[in-house]
Amino acid sequence: MMERYDVTVVGGGIAGTTLAAILGGAGLKVALIERLAPSALEAPGYDGRTTAITFGSRRVLEGAGLWAPLAGHACPIADIRVADSASPLFLHFDSREVGDDPLGSIVENKLIRRALHARIAELDSVTQIAPATVSALESAGAVAQVTLADGRVVSSDLVVGADGRDSFIRQAAGIETVGWTYKQQAIVTIMGHERPHGNVAVENFLPAGPFASLPMIDTADGVHRSSIVWTETLENAPLYLKLTGDAFDAELQRRTGDWMGRVWEIGPRFSYPLQLRHAKRYVAPRVALIADAAHVIHPIAGQGLNLGMRDIALLAELLIGRRRAGLDLGDPMLLARYERERRVDNIAFSATTDILDRLFSNDIAPIRLARRAGLGAVNRVPPLRRFFMRRAMGAAGALSRLGRGEAI
Ligand SMILES: Cc1cc2nc3c(=O)[nH]c(=O)nc-3n(C[C@H](O)[C@H](O)[C@H](O)COP(=O)(O)OP(=O)(O)OC[C@H]3O[C@@H](n4cnc5c(N)ncnc54)[C@H](O)[C@@H]3O)c2cc1C
């Protein structure tokens, strides 16, 4: 049986579902194909991460009608403190220096997924095909076709690969990647604490890697919470992952310090391998890659999905404009423009996060002294501080219309 759509989105993670919701909301006929059932993606054991949603990504979600259901669960970040181990020098980003908006907001991934699934269920224009695995791609002709493992064929003007870091669509389209695996692993958990976080996010650069505590909304019974992204060496991560109860809490306390009082793990605990990977092309005939299918970066700055949101905003703007003009959505000129406009931003952030990790994840004395002086210097120069804040907020650089908060 053959089904025909404007766009097929392969991968119903946060990126693919957001794109499907935006396109579907604008009236495009979209097939959203995901290997797992929505209930499996929302289950507490599937994804324990939170996402630091920048101001720019929030605008994209607002434009797509997706922010309202999340707003009540989003904890605003008013300040970011960057520390280098025990050094007294630190960098302080204060949102009030750049306006009334927070620097970003922390939201649990499972809640983002839930809100996205609810939105997709409202949209007649989006057909969710899940659980279903795409096992073949044929995109050289006048239409693109994907074949599912159960033999169904879905055809459309364009296939979007939103199928994550090991993207099948990227490989089937013959697109190679460059990159490497970090000798680090991220330990992710939720931590309770005695005193409120005051909407402060802390990134403490330790020799094994950055240890971040990200402010979350209190639980219904008033427990203060922060999300932890603790980067450890591959050698030591398994040892820490085995610790339970007081022993693990003591390690959290050692890294957090005492500014939030006593801390303890609420959990659940997850671990993620870390890598940098970049697709050599983002497009192929009738194929476009977005988010982790195109670029995977170190979580040091909490920007991976935010870059993906910028891919989504631009691709959606181009596709919706073209559909309104009644033109082919697989047009090579459109795809070339998408790749050209997203590549520089994505490469710049990939390189920046890689350099930051290399610079800070070591205890080599001259490097340590230089980076501490650097942090202190940036902290003393308000225009530099504001420049970094605007970049981190996703509110600077070339932005698509959704990223500027305009309707499309
Ligand atoms: C520890 C950690 C912390 C992070 N924190 C942040 C943060 O604070 N802010 C931020 O912006 N980013 C952050 N990131 C990055 C962010 O999590 C990723 O960029 C994001 O999850 C990628 O989403 P995605 O939808 O592109 O990919 P995925 O979430 O991998 O989704 C891909 C989907 O495709 C499906 N799929 C795969 N193959 C097929 C197939 N053949 N057929 C059908 N379906 C298929 C999969 O089942 C999956 O659901 C963090 C990453 C890590 C590791």
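If each residue of separation counts as 0.36 nm, what is the full-extension length gain between THR233 and ARG324 once their alpha-carbon separation is subtracted?
Working it through step by step, the gained length comes to 27.7 nm.
Using only protein heavy atoms and a 1.4 Å probe, report how much of TYR46 is accessible, in Å² to the nearest 10.
100 Å²
Using a Cα-Cα cut-off of under 15 Å, which aspartates and glutamates could be cross-linked to LYS280, ignoring same-chain neighbours fewer than 8 residues away?
ASP166, GLU176, ASP292, GLU339, GLU341, ASP345
At 222 nm, what helix-only mean residue ellipticity would the chain give, in deg cm²/dmol to the nearest 500, using -39500 (n - 2.57) for each DSSP H run of four or more?
That comes out to -11000 deg cm²/dmol.
Over segment 145-295, what portion of Cα pair distances is larger than 19 Å, expressed as a whole percent?
63 percent
Just by accessible area at a 1.4 angstrom probe, what is the order of LEU41, LEU214 from largest to smallest?
Descending order: LEU214, LEU41.
So what does ASP84 come to for accessible area, using a 1.4 Å probe and Å² rounded to 10?
Counting only protein heavy atoms, ASP84 exposes about 0 Å² to solvent.
For the chain, with all protein chains present and a 1.4 Å probe, just round the carbon and sulfur fraction of the accessible area to a whole percent.
Solvent-exposed carbon and sulfur of the chain make up 57 percent of the total.
In Å², what does the accessible area per residue of segment 299-354 work out to with a 1.4 Å probe?
On a per-residue basis, 38 Å².
Cα centroids of segment 86-135 and segment 144-179: how far apart, whole angstrom?
If we compute the Cα centre of each part, the gap is 24 Å.
Using every Cα-Cα pair within segment 139-211, state what percent have a distance larger than 18 Å.
Summing the P(r) tail past 18 Å for segment 139-211 gives 66 percent.
When DSSP assigns beta bridges and you keep just the ones with both residues in the chain, what percent turn out antiparallel, to the nearest 5?
70 percent
Kindly provide the pair-distance distribution of segment 25-119 built from C-alpha pairs, with 5 Å bins from 0 and whole-percent values in order of increasing distance.
2, 11, 17, 18, 16, 14, 8, 7, 4, 2, 1, 0
Can you give the accessible area of ARG81 in Å² (nearest 10), computed on protein heavy atoms with a 1.4 Å probe?
ARG81 has an accessible surface of roughly 90 Å² with all protein chains in place.
Using the alpha carbon gyration tensor of the chain, what are the three equivalent-ellipsoid semi-axes (square root of 5 times each eigenvalue), largest first, in whole Å?
37, 22, 21
Please report, to one decimal in angstroms, the Kirkwood hydrodynamic radius of segment 91-175 built from all distinct Cα-Cα pairs.
For segment 91-175, inverting the mean 1/r across all distinct Cα pairs yields 16.5 Å.
Can you give me the pair-distance distribution of segment 257-391, C-alpha pairs, 5 Å bins, whole percents?
Pair shares across the bins are 2, 8, 14, 14, 14, 14, 12, 9, 6, 4, 2, 1, 0.
Could you calculate, for segment 274-346, the ratio of the Cα radius of gyration to the Kirkwood radius, expressed as Rg to Rh?
1.01
Compute the Cα gyration tensor for segment 200-249, then decide on rounded, prolate or oblate, letting a ≥ b ≥ c be the square roots of its eigenvalues: rounded whenever a/c is under 1.5, prolate when a/b is larger than b/c in the other cases, and oblate in all that remain.
Oblate, since a/c reaches 1.5 and b/c is not below a/b.
Kindly sort ILE347, ILE228, ILE355 by accessible area of their heavy atoms, largest first, with the probe set to 1.4 Å.
ILE355, ILE347, ILE228
Keeping all protein chains in place and using 1.4 angstrom, which order do THR147, THR256, THR352, THR181 fall into by accessible surface area, from largest down?
Ranked list, largest accessible area first: THR181, THR352, THR147, THR256.
Below 8 Å between Cα atoms, with a sequence gap of 6+, how large is the relative contact order for segment 109-220 in percent?
Contact order relative to length: 12 percent.
The values are calculated or read from the model by the stated rules, or taken from the named source; none is laboratory data. Because the structure is predicted, anything quoted here is derived from the model rather than measured. The accessibility values were calculated without ligands, DNA or RNA, using every heavy atom of the protein model including side chains. Shrake-Rupley method; radii C 1.70, N 1.55, O 1.52, S 1.80 Å.
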